[in-house]
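I'd like to ask you about the structure that follows.
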Amino acid sequence: MKNKTLFLLLGAGILFGAAVRPGDPWVEGREKVGAMAGLIQAEYFRTAEADKMARAAVRGMLETLDPHSYLLDPDNLARMSEEQRGAYFGLGIQIQKHMDKLVVIAPIEGTPAWRMGLQAGDTITHIEGESTVLISANDAVSKLRGPKGTKVAITVAREGLEKPFDLTITREEIPLYSVPYAFMLDGATGYVFIRYFAENTTAELEAKLETLRNAGMKNLVLDLRGNVGGPLFQAIGVADEFLARGESIVSIRGRNPDFDRQYPATRNGQYEAVPLVVLISQGSASASEIVAGAVMDHDRGLILGEDSWGKSLVQKMFPLSEDTAMALTIARYYTPSGRSLQRDYSHLDDYFLDTKVLAESDREVKYTDKGRKVLGQGGITPDLTVVFNLLPYTAELRIRGAFFAYARKFTSRQTPLSKKFVFPADGNAARPAPGMIQLSRVFLADAAVLEDFRAFLIENKMPADETKFKEAAVEVKRELEREIASLLWGGEEGWRAFEKNDPVILKALEVMPEAARMIQ
């Protein structure tokens, strides 16, 4: 099998066999690569690992093409398949690496981890007897996931217990939601966050929108910030929710005309008349840009936020063996106005590290249905630019896990101030004792909470500079409200608490009347 794999992958002509003809340079290239592989097998001082060599050879070939053609080895292919399918086999926990500790952020209700009693704030010290101190969060995820029905042994340290304890948990199917949050921002405006695009994204979105419509939604904020994309057909399905039947969503064109396609909206009677604001950021790419580009080019709604990433290259998966595949760029996509959003990638360091776009004078100019000027070659430039970046001080505290660590202690009544609160787990007594503060479904980080948090920082030798703390007070308040609400009422309530003071969301609510005028 290894020799077969080596032949398939190193014999470059096989990969492109349909294009190989006598005199074609691929023939000569194939012969040279095959000869080199044979020489290595015969003369190298020890037995060469055929699979490893083959994958390295294909990676090297793909790196000469573009930034988005790549090889998926067994681990990466399995991870991608899980994300696209919308489920994986594992324990059902969210984890993060805080310094050298692997910390449980939250167990997912109803999953094996939840039934076994894992709690937010638990530290997983060992997986199958191996310490987690030196492994990354991604490596830990790979170790915790596995085939359905198999078992994984972990060691857990919990604050308040003298010794760590061992658990053996059976892996089950855990759902992954690409549309995790949807709620009303006010009495008329719904909010939906699409984290990424997967096989079930359109169906998930439709279910969320129906719930919001039943709750009185008249306007919608669609949040695509940080969404790096996914399957083309899911982007088309999402855009179709907001466009009239027959309106163009996207077209793709490549060197091989077999890949050329036009994709129009095919359905009516959905949300074509709902005023719409779409949020994008520098991390919004590919499928996200297809949706935002279609909305923008048809003057269907307002685009708000930052310039998006700028990826207009389309990949197709080509299986190379049972557990290996190649994502090969086969075309570019174009928005309804005919623009390509692809940024220049001739210098990869600039492409991945420098998100600056070309000067407007150097970019392709196209026009929307109503004659508004839009630009290509640099992602989507929003109708209204609103930049939301954390201050360095807030970002440092987040990286250190300070907000989550404090929230965990606060909700466990392990800080001076928290002893005065009655939490939902206490039964929400109708008449709390004198001096106690009862929470309903809202937590506000007031001046007393900020003071309590700063005392926590000082006690735990974390950055607590008074001037920086005051400068970041608004951001600190927002972070604390999210973490504490998440621990008390779940992730969606934490996200809601955070977004209600998000400056991009506030601007979206402000300009919603303008978005409504666009569809009149």
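Since every read-out is calculated from the coordinates, none of them should be taken as a lab result. Bear in mind the structure is a predicted one, so any value in this text is a computation, not a measurement. Because the Cβ atoms are built from the backbone with ideal geometry, glycine has one as well, and the counts that use them run over all protein chains shown.
Enumerate the lysines that residue 32 could reach by cross-link, defined here as Cα to Cα under 23 Å, with residues fewer than 8 away along the same chain left out.
Output for residue 32: 2, 4, 52.
Tell me the chymotrypsin sites (Phe, Trp or Tyr not before Pro) within region 224-290 that lie in a loop according to DSSP and have at most 13 other beta-carbon atoms within 10 Å.
Here no loop site has a sparse enough neighbourhood.
Further question: Radius of gyration and Dmax for the chain's Cα atoms, expressed in Å?
Answer for the chain, Rg first and Dmax second: 26.1, 91 Å.
For the chain, give me the percentage of DSSP beta bridges that are antiparallel, rounded to the nearest 5 percent.
75
If you don't mind, there's one more thing I want to ask. Within region 486-520, list the residues whose amide N lies under 17 Å from a label point set 7 Å along Cα→Cβ of residue 244.
516-520
Between the helical axis of 402-411 and the dominant principal axis of the chain, each derived from Cα atoms, what acute angle in degrees is found, rounded to the nearest 10?
Result, in degrees: 40.
In percent, what relative contact order does the chain have, based on Cα pairs under 8 Å that are 6 or more apart in sequence?
11
What value does region 26-114 have for Rg/Rh, both radii from Cα atoms and Rh as Kirkwood defines it?
Answer for region 26-114: 1.19.
Scan around residue 176 for amide H atoms under 5 Å from its own, H built in the peptide plane at 1.01 Å from N, and keep only partners 5 or more places away or cross-chain.
Here the answer is 87, 88, since their amide H atoms fall under 5 Å of that of residue 176.
I've got another one for you. Each label point is 7 Å from the Cα along the Cα-to-Cβ direction; what then is the distance between the points at residue 346 and residue 125, in nm?
5.7
For residue 468, give me every one of the lysines with a C-alpha distance below 17 angstrom, ignoring sequence neighbours fewer than eight places off in its own chain.
Straight-distance partners of residue 468: 477.
Give a residue-ordered list of calculated ³J(HN,Hα) values for region 179-193 (Karplus: 6.51 cos²θ - 1.76 cosθ + 1.60, θ = phi - 60°; whole Hz; x for Gly, Pro).
Running phi through 6.51 cos²θ - 1.76 cosθ + 1.60 with θ = phi - 60° gives 10, x, 10, 7, 7, 8, 7, 8, x, 10, 10, x, 9, 10, 10 Hz.
While we're on this one: Taking a label point 7 Å from the Cα of residue 228 along the Cα→Cβ vector, which residues of region 293-309 have an amide N closer than 15 Å to it?
Zone members listed by number: 309.
Further question on the same structure: So, how do all the Cα-to-Cα distances of region 210-280 break down into 5 Å bins, in percent, from 0 on up?
3, 14, 19, 22, 20, 11, 5, 3, 2, 0
Each residue of region 119-133 in turn: what ³J(HN,Hα) in whole Hz from Karplus with 6.51, -1.76, 1.60 and θ = phi - 60°, glycine and Pro shown as x?
Once rounded to whole Hz, the list reads 10, 4, x, 4, 10, 8, 8, 9, 10, 6, x, 9, 4, 9, 4.
For n ≥ 4 DSSP H runs only, could you compute -39500 (n - 2.57) per run for the chain, divide by its residues and tell me the 222 nm figure to the nearest 500?
Dividing the helical sum by the residues of the chain leaves -11000 deg cm²/dmol.
Another question, then. Beyond 26 Å between alpha-carbons counts as too far, so tell me which of 470/507; 97/163; 420/470; 316/507; 419/507; 97/409 fall in that bin.
Long pairs (Cα-Cα over 26 Å): 316/507; 419/507.
Have a look at 106, 188, 503 and report the one farthest towards the positive end of the charge dipole of the chain, computed about the Cα centre with Cβ charges (Lys/Arg +1, Asp/Glu -1).
106
Through the Karplus equation 6.51 cos²θ - 1.76 cosθ + 1.60, θ set to phi - 60°, convert the phi angles of region 267-274 into ³J(HN,Hα) values in whole Hz; use x for Gly and Pro.
10, 10, x, 10, 10, 5, 9, 8
Sticking with the crude label model, points 7 Å out along Cα→Cβ, report the distance from residue 108 to residue 45 in nm, one decimal please.
4.9
What is the sum of charges around residue 136, taking Lys and Arg as +1, Asp and Glu as -1, for the other residues whose C-beta is under 15 Å from the C-beta of residue 136?
Value of the local net charge: +1.
Over region 103-203, calculate the relative contact order: mean separation of alpha carbon pairs under 8 Å at least 6 apart, over the residue count, as a percent.
Relative contact order comes out at 20 percent.
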